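> Below is a structure I'd like to ask you about.
The values are calculated or read from the model by the stated rules, or taken from the named source; none is laboratory data. All values reported here derive from a predicted model rather than from experimental measurement. FYI the Cβ positions are ideal-geometry reconstructions off the backbone, even for glycines, and counts take in every protein chain you see. Just the protein is used for accessible areas: all its heavy atoms, side chains included, with ligands, DNA and RNA removed. Shrake-Rupley method; radii C 1.70, N 1.55, O 1.52, S 1.80 Å.
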Amino acid sequence: MISNQILQTTIDGLKSITRFDISVMDVEGSLLATTEENRNVRKISLVPEMMNTQAESMLLAGYQLFKVFDNNEVEYIVAIRGEDEEAYKVGKIAAFQIQSLLTAYKERFDKDNFIKNLLLDNLLLVDIYMRAKKLRIDNNVKRVVYLVESKNDKDTNASVMEIIRSIYPVKTKDFITAVDEDNIILVKEVEEDSSRQALEKVALTISDTLSSEALGHVRISLGSVVTDLKDISRSYKEAKIALEVGKIFYEEKYVINYNRLGIGRLIYQLPLSLCKMYINEIFKDIKVEDFDEETLNTVNKFFENNLNISETSRQLYIHRNTLVYRLDKLQKNTGLDVRTFDDAITFKIALMVAKYMTYMEKNGFK
């Protein structure tokens, strides 16, 4: 359904061109939009009489009245003050404009409904191609699904969606929708030769725009590029996985690409029972919570610098010998010398597994 605000904007524009006052009412006689300063009820009282006739337009009490249809059912009554031929023409134009808006909004709704069902895998294969053809949606083009997580109130989420729509207008071949209250989905058509950097740049553009609009940072994930409509649901599922994995292992990142999840994707698919076995094997009686923040920060910085002691000590502003002492202490407690590649990767994976277990248990998985 067209919003009253859109109706008002439409007739305001028509009045600025034609100088005629225009009003729009529903079939019950409620005034939805008007350009008249005096919002009198005279024209409203004419609606029942208009609805009782088969005529699509008529002149009543100084007003030209026109019906606007949706599937052969009257949806709106357009009223224009004036009895001459010029008023009649302007009224016909106004009714035609609103009829066109109604058709466009209905088509947009149909497309939105189709995309939602496509994302949720609710359509049979034959239905996908038949409905896509009817809605004039191309099949064999490259698309990717972006998932924008915005856990705010309903009004803020609506603002986020409108901002994304302003970046990628509905006139394009992209689709913007939502299947729940927390996430907004962008199904975007991409160029044949789009690189990973180009795909991620789209997400960064959305993030920067929302941030500049004082809506805060949002987390954005993207799935794989697909070339068939039936595979859009797969890209959506991948984007959901990427969003979840990003929250567990890459908290500092606001853009998470499914194809760059690395070892986090493997750990995410492990059963918790296997994770517990691995942690017990590596740390034995030691709990991850027993490691102090200083030790964890030191080890993580050591990993970031590719096991380079000199660079790590420089970035931590500590003496080289202090760093060596901390690493020796860790080796004594765990039996792992993270200065060697094998022990470093073992410890790194163990920390990630422990983080995954904590997250899952916090969210009710045992």
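> Just want to confirm a number: the relative contact order over segment 64-114, from Cα pairs under 8 angstrom separated by 6+ residues, in percent.
Averaging sequence separation for qualifying contacts and normalising by length gives 32 percent for segment 64-114.
> Expressed as an acute angle from 0 to 90° and rounded to the nearest 10, what is the orientation of the C-alpha long axis of helix 125-134 relative to the principal long axis of the chain?
Approximately 40 degrees, to the nearest 10.
> Is segment 181-336 best put as rounded, prolate or oblate by its Cα gyration tensor, with a ≥ b ≥ c the root eigenvalues, rounded for a/c under 1.5, and otherwise prolate when a/b is larger than b/c, oblate when not?
Prolate, because a/c is 1.5 or more and a/b exceeds b/c.
> In the structure shown, do any of K111/K230; K237/K287; K134/K201; K133/K201; K15/K106 have a Cα-Cα gap over 23 Å, and if so which?
Exceeds cut-off: K237/K287; K134/K201; K133/K201; K15/K106.
> Additional query: Once you sort the root eigenvalues of the Cα gyration tensor of the chain as a ≥ b ≥ c, which label holds: rounded (a/c under 1.5), prolate (a/b larger than b/c) or oblate (the other case)?
prolate
> To continue, here is another question. Which value, in Å² and to the nearest 10, is the accessible area of E289 when all protein chains are kept and the probe is 1.4 Å?
140 Å²
> Something else now. Compute the relative contact order of segment 1-116 as a whole-number percentage, counting only Cα pairs closer than 8 Å that sit 6 or more residues apart in sequence.
RCO, segment 1-116: 24 percent.
> Using alpha carbons only, how many degrees (0 to 90, rounded to 10) separate the axis of helix 85-119 from the longest principal axis of the chain?
30 degrees
> Which of rounded, prolate, oblate describes segment 134-267, given a ≥ b ≥ c as roots of the alpha-carbon gyration tensor eigenvalues and a/c under 1.5 marking rounded, otherwise prolate only if a/b is larger than b/c?
Oblate, because a/c is 1.5 or more while a/b does not exceed b/c.
> Looking at the chain as a GNM with Cα springs under 10 Å, which of K142, K201, K134 has the largest mean-square fluctuation?
K134
> Contour minus end-to-end for L59 and E86, with contour as 0.36 nm per residue of separation and end-to-end as the Cα-Cα distance?
8.4 nm
> From the protein chains alone at 1.4 Å, what is the descending order of accessible area for L272, L266, largest first?
L266, L272
> Counting alpha carbon pairs within less than 8 Å and at least 6 residues apart, what relative contact order, in whole percent, applies to segment 305-361?
Relative contact order of segment 305-361: 18 percent.
> To the nearest 500 deg cm²/dmol, what mean residue ellipticity at 222 nm is calculated for the chain from DSSP H runs of n ≥ 4 alone, each contributing -39,500 (n - 2.57), summed and divided by the residues?
Counting only the DSSP helices, I get -17000 deg cm²/dmol.
> Where does segment 7-145 land on Rg/Rh, using Cα atoms and the Kirkwood Rh?
Over the Cα atoms of segment 7-145, Rg/Rh equals 1.13.
> Provide the packing ranking of 238-248, 16-26, i.e. peptides ordered by the mean count of other C-beta atoms within 10 Å per residue, highest first.
238-248, 16-26
> Counting only heavy atoms of the protein chains, get the accessible area per residue of the chain (1.4 Å probe) and round it to a whole Å² value.
In whole numbers, the chain has 56 Å² accessible per residue.
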